[in-house]
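To start, the structure itself, in structure tokens.
What follows draws every value from the coordinates through simple rules; no lab data is involved. Here the structure is a predicted model, which means the values were calculated and not measured. Using ideal geometry, Cβ is built from the backbone for each residue, glycine included, and neighbour counts are taken over all protein chains shown.
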Amino acid sequence: MSLPHLWRGRRGLLSAGLTLLLLLAALSPLLVRADARTASSGRAVAAADNSNGWERVFAAPAYPNGAPFHFYGMTFVNRQVGFAYGGDEWTGSAGPGRIYRTRDGGKTWTLVLSSGGWKIGMACADEQNCWAGGKQGRVDRTTDGGDNWTQVRTYTWVGMGDTPPNPQPTPTPFVAWIRSAGITTDGSTVLFGATDNTILRSTDGENFYNYWPPLNWWIAAWSVTCPTANICYAGQINRLILKSTNAGVKWEMPAYVGPPENHDHCLTAEFPNPDPSEAGVQRRYYGLSFLDEKYGWAVGSCGSLFRTVNGALGWQAQNGNISPQTQFRRVQALSRTSAIAVGGTEPNPQDPSLA
């Protein structure tokens, strides 16, 4: 699935939905921009012939050994300033992760960080202050808009790896792999979702501690978003979306998402496995977007597309006849009744490059 190019639309970043489309394109080594009219029509096509308003603006170079670079995410601070980031394969060691920056709405991109493993989640308080997380729990911070970066400290707790977890008040270096990032609307709290059912939290920007949800050990937090200064949501798997009302100090699950059968994998016949629990594709919530503390959308693998109007107390399926092979990767709430979700239909949704 992944390629290393950036694409853009000839009219530039004219809507929130357009930023979202850029994000989807960034799951490859390409960066793209699209005409806002193309975005509103629901047709997101990145084609070499510039059809539907897309044009390629940047191709990230491969690593010295020939391994490709993959963009895994994109974060825009405003209409002009944004970052695109990624690295090599999930388990690869071809080279360091990278962060590219644009200051002209995606027209041009500059490498601002090449360090550590792949990067996959970023949160920005403003143009100057951003945090990027990725492989093996590493978090890098900039306080000058990306010109300089420093690695900050990340901690978990002794005993968190026990079954069941038995956390002790002694911090130990955090090594789980980060999968997502979020920040409260006042910029006071930064969160990173990670594997092993962990969510890192910091209020000083320098020290991140594992504030773990009290649910389902060994699950990743695939998406994190905070629509207010206190309300935050984290997407996990199956029927699980968590909520915090105190900026990530504690987490709960207000209601299950979808019907009981969503506890199971999809496409089990298409992708059999000797271990029935490993057959098919796991339901993961890769994207969350809330207009405010009540109205929001959740999207993910297995064609998952859900909406809540009451702060996650209930979820309504919005996916109609969408194929379970569709993997939605991002969603952007536009109003209380509309949103844009982007994704693709993979020949093999179990492709490890999508892990």
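Residue order for L313, L191, L267, fewest other beta carbons within 10 angstrom first, comes to L313, L267, L191. Taking amide H as placed 1.01 Å from N in the peptide plane, the amide H of A220 sits under 5 Å from that of D196, N197, each at least 5 places away or on another chain. Ordered by the number of other Cβ atoms lying within 10 Å of each residue's own Cβ, fewest first, L240, L200 fall into the sequence L240, L200. The relative contact order of segment 50-155, computed from alpha carbon pairs under 8 Å that lie at least 6 residues apart in sequence, is 17 percent. Relative to its residue count, segment 298-349 spans a Cα convex hull of 71 Å³ per residue. Label-to-label distance, S114 versus A59, with points set 7 angstrom from Cα along the beta-carbon direction: 1.8 nm. Whole-Hz Karplus values for segment 300-316 come out as x, 6, 6, x, 5, 8, 10, 9, 10, 10, 9, x, 6, 6, x, 10, 10 Hz, taken residue by residue from phi with 6.51 cos²θ - 1.76 cosθ + 1.60 and θ = phi - 60°; glycine and proline positions read x. Charged side chains reduced to their Cβ positions (Lys and Arg at +1, Asp and Glu at -1) give segment 218-355 a dipole of some 540 debye around its Cα centre. Could you tell me how far the Cα centroid of segment 286-339 sits from the Cα centroid of segment 97-154, in Å? Comparing the Cα centres of segment 97-154 and segment 286-339, I get a distance of 27 Å.
3J(HN,Hα) along segment 111-119: 6, 10, 8, 9, 6, x, x, 4, 10 Hz, from the Karplus curve 6.51 cos²θ - 1.76 cosθ + 1.60 with θ = phi - 60°, whole Hz, x for Gly and Pro. Here the residues W109, W90, ranked from fewest to most Cβ neighbours within 10 Å of their Cβ, fall in the order W90, W109. Placing dummy labels 7 Å off each Cα toward the beta-carbon, the span from S338 to W90 is 3.6 nm. Annotation: peptides 253-265, 171-183, ranked by per-residue average of other Cβ atoms within 10 Å with the highest first, follow the order 171-183, 253-265. Normalised Debye scattering of segment 96-170 at q = 0.12, 0.16, 0.26 Å⁻¹ gives log10 I(q)/I(0) of -0.43, -0.65, -1.20, counting only Cα atoms as equal scatterers and leaving out solvent.
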